[in-house]
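Contents: one structure, followed by commentary.
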Amino acid sequence: MKILVVDDEQDIRTLFEQRFRREIRNGELDFSFAYSGEEALTYINGHFSEIVLILSDINMPGMSGIELLRRIRTMHPTAPPTIMMITAYNDEENYNQAKKYGADDFLNKPIDFSNLKQKLTESL
């Protein structure tokens, strides 16, 4: 399963690679990382048919995760990919906007990796 993680925090890559070491080694999960909404759009334009899941932070400098979501759903109006939004804030306005633009699920920061693993395992 090809997963694009979009987050402006550079250490997110290390966290995902540590938490999903076995799944990556077994070839079950393949992660790519983008550190801004703009970088994510560039990556998506070249790899859209490969991506099964996008995990995107909502609050990022420049293009927000909400704007990224809106642009992805505008450019590619039919799913896939599944898009999960990640937020550090339990903010109803962001939640409503993300649902409006087609978010499939939500995760809170700090990420509960056991919960995320369960969601990904159900998708495999």
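The values are calculated or read from the model by the stated rules, or taken from the named source; none is laboratory data. Because the structure is predicted, anything quoted here is derived from the model rather than measured. Methodologically, a virtual Cβ is constructed for each residue, glycine included, from the backbone with ideal geometry; neighbour enumeration extends over all protein chains shown.
Does any residue in the stretch 80-96 that is closer than 12 Å to Lys109 by Cα come within less than 6 Å, Cβ to Cβ, of a residue that is charged (D, E, K, R) and assigned to a strand (DSSP E or B) six or more places away or on a different chain, and which pairs are these?
Every condition considered, the pairs that remain are Ile86/Asp57.
Would you confirm whether any residue within the stretch 103-117 is assigned to a helix (DSSP H, G or I) and of a type in the set (Val, Ile, Thr)?
Of the residues in the stretch 103-117, the ones assigned to a helix (DSSP H, G or I) are 113-117.
So of that shortlist, the ones also of a type in the set (Val, Ile, Thr) come out as none.
The answer is no, given that none of the residues of the stretch 103-117 is assigned to a helix (DSSP H, G or I) and of a type in the set (Val, Ile, Thr).
I'd like the full set of residues that are in contact with a strand residue (DSSP E or B) (Cβ under 9 Å, 6 or more places away or on another chain), at pLDDT below 90 and not β-branched (Val, Ile, Thr), limited to the stretch 85-106.
Hits for the stretch 85-106 are Ala88, Tyr89, Asn90, Asn94, Tyr95.
Do you know which residues across the stretch 2-29 are exposed (fewer than 15 other Cβ atoms within 10 Å of the Cβ), more than 20 Å from Asn108 (Cβ to Cβ) and in contact (Cβ under 8 Å) with a residue 12 or more places away in the chain?
Result: Gln10, Glu17, Glu28.
With (1) buried (at least 17 other Cβ atoms within 10 Å of the Cβ); (2) within 17 Å of Asp8 (Cβ to Cβ) as the list, and Arg70 as the residue in question, which single condition is left unmet?
With respect to (1) buried (at least 17 other Cβ atoms within 10 Å of the Cβ); (2) within 17 Å of Asp8 (Cβ to Cβ), Arg70 is out only on (2).
Do any residues in the stretch 97-109 that are touching a residue at least 12 places away in the same chain (Cβ under 8 Å) and within 11 Å of Thr87 (Cβ to Cβ) have Cβ atoms under 8 Å from those of residues that are surrounded by 15 or more Cβ atoms within 10 Å (Cβ to Cβ) and of a type in the set (Phe, Trp, Tyr), where the two are at least six apart or on different chains, and which pairs are they?
So the pair list comes out as Ala98/Phe106; Phe106/Tyr95.
Please indicate, with yes or no, whether at least one residue in the stretch 60-76 is over 19 Å from Ser32 (Cα atoms), part of a loop (DSSP other than H, G, I, E, B) and at pLDDT 90 or above.
Looking through the stretch 60-76, at least one residue is over 19 Å from Ser32 (Cα atoms), part of a loop (DSSP other than H, G, I, E, B) and at pLDDT 90 or above.
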